[in-house]
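The values are calculated or read from the model by the stated rules, or taken from the named source; none is laboratory data. Predicted, not measured: the structure shown is a model, and the values here were computed from it. A quick note on method: Cβ atoms are made from the backbone with ideal geometry, for glycine too, and the neighbour counts reach across all protein chains shown. The protein model used for the area step is the full one, side chains on, heavy atoms only, and it has no ligands, DNA or RNA in it. Shrake-Rupley method; radii C 1.70, N 1.55, O 1.52, S 1.80 Å.
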Amino acid sequence: QVRLVESGGGLVQAGGSLRLTCRTSGIITSVFNPNTVAWYRQAPGKQRELVASMTGGPSRSTNYADSVKGRFTISRDNARKAVYLQMNSLKPEDTAVYYCAAATKLGYSPIQYDYWGQGTQVTVSS
C-alpha cells in the first residue's frame, strides 16, 4: 500500500532551522518521478495551507507560499522516492503540523494530491 511518513519535526527557537523528510513507499518509480509533491501545514484553529510544491520530471518547478519564500526550500530525491523541506529562519507563526502530499495522476489542474502523510509537529518558540 502507499505510505507517506514525515519526520524531522520538533521544537526550535525562532531563527533556528529544521529539515523535514517525507519517505514514501508503494509508489512505483514511473509514477512517482513525473508527478508533483508538496508540503502543507495546518496551525491550530487554522485551515490547511500549501507551503511548497515541486513538479516532477527534469523541470522540477517550485511554488512557495509568500510567507515562506526565501526561507524554505523543497527538494526531492527520486532515487529514494523522498521529499524534503529545509526550513530556515523559523518564526513562531510557522508553528503547525506539516504534511507531505503526493500526486499520482498527471493532467489535472489544479493538482490533485492522492496520498498524504500523518504529519509532523513543528513548534517555534519566540
Exercise. In segment 53-64, is there at least one residue being surrounded by 14 or more Cβ atoms within 10 Å (Cβ to Cβ), under 15 Å from residue 5 (Cα atoms) and of a type outside the set (A, V, I, L, M)?
Worked result: no
Seminar exercise, completed: Taking segment 1-23 and keeping residues assigned to a strand (DSSP E or B) and under 12 Å from the mean Cα position of the chain (by Cα) leaves 4, 5, 6, 7, 19, 20, 21, 22, 23
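Would you call residue 89 over 19 Å from residue 120 (Cα atoms), surrounded by fewer than 21 Cβ atoms within 10 Å (Cβ to Cβ) and among the hydroxyl-bearing types (Ser, Thr, Tyr)? Show your work before the answer.
Details: over 19 Å from residue 120 (Cα atoms): no; surrounded by fewer than 21 Cβ atoms within 10 Å (Cβ to Cβ): yes; among the hydroxyl-bearing types (Ser, Thr, Tyr): yes.
Spelling it out, it is not the case that residue 89 is over 19 Å from residue 120 (Cα atoms), surrounded by fewer than 21 Cβ atoms within 10 Å (Cβ to Cβ) and among the hydroxyl-bearing types (Ser, Thr, Tyr).
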For this session: Could you identify the single residue in 81, 105 that is open to solvent by 60 Å² or more (accessible area, probe 1.4 Å), in contact (Cβ under 8 Å) with a residue 24 or more places away in the chain and in contact with a helix residue (DSSP H, G or I) (Cβ under 9 Å, 6 or more places away or on another chain)?
Result: 105
Seminar exercise, completed: Checked pairs for segment 114-126, first under 13 Å from residue 44 (Cβ atoms) and open to solvent by 60 Å² or more (accessible area, probe 1.4 Å), second outside any strand (DSSP E or B) and of a type outside the set (Ser, Thr, Tyr), C-beta under 9 Å and 6 or more apart or across chains, list as 121/9
For this session: For segment 21-41, state whether one or more residues are within 21 Å of residue 5 (Cα to Cα), touching a strand residue (DSSP E or B) at 6+ places or on another chain (Cβ under 9 Å) and exposed (fewer than 15 other Cβ atoms within 10 Å of the Cβ).
Result: yes
Exercise. Is there any pair with a first residue in segment 26-40 that is more than 22 Å from residue 73 (Cβ to Cβ) and a second that is in a loop (DSSP other than H, G, I, E, B) and open to solvent by 50 Å² or more (accessible area, probe 1.4 Å) whose Cβ atoms are under 6 Å apart and which are 6 or more apart or on different chains, and what are they?
Worked result: 26/1
Problem set entry | Matching option when the condition is surrounded by 12 or more Cβ atoms within 10 Å (Cβ to Cβ), in contact with a Ser or Thr (Cβ under 6 Å, 6 or more places away or on another chain) and at pLDDT 95 or above, among 76, 71 | 71
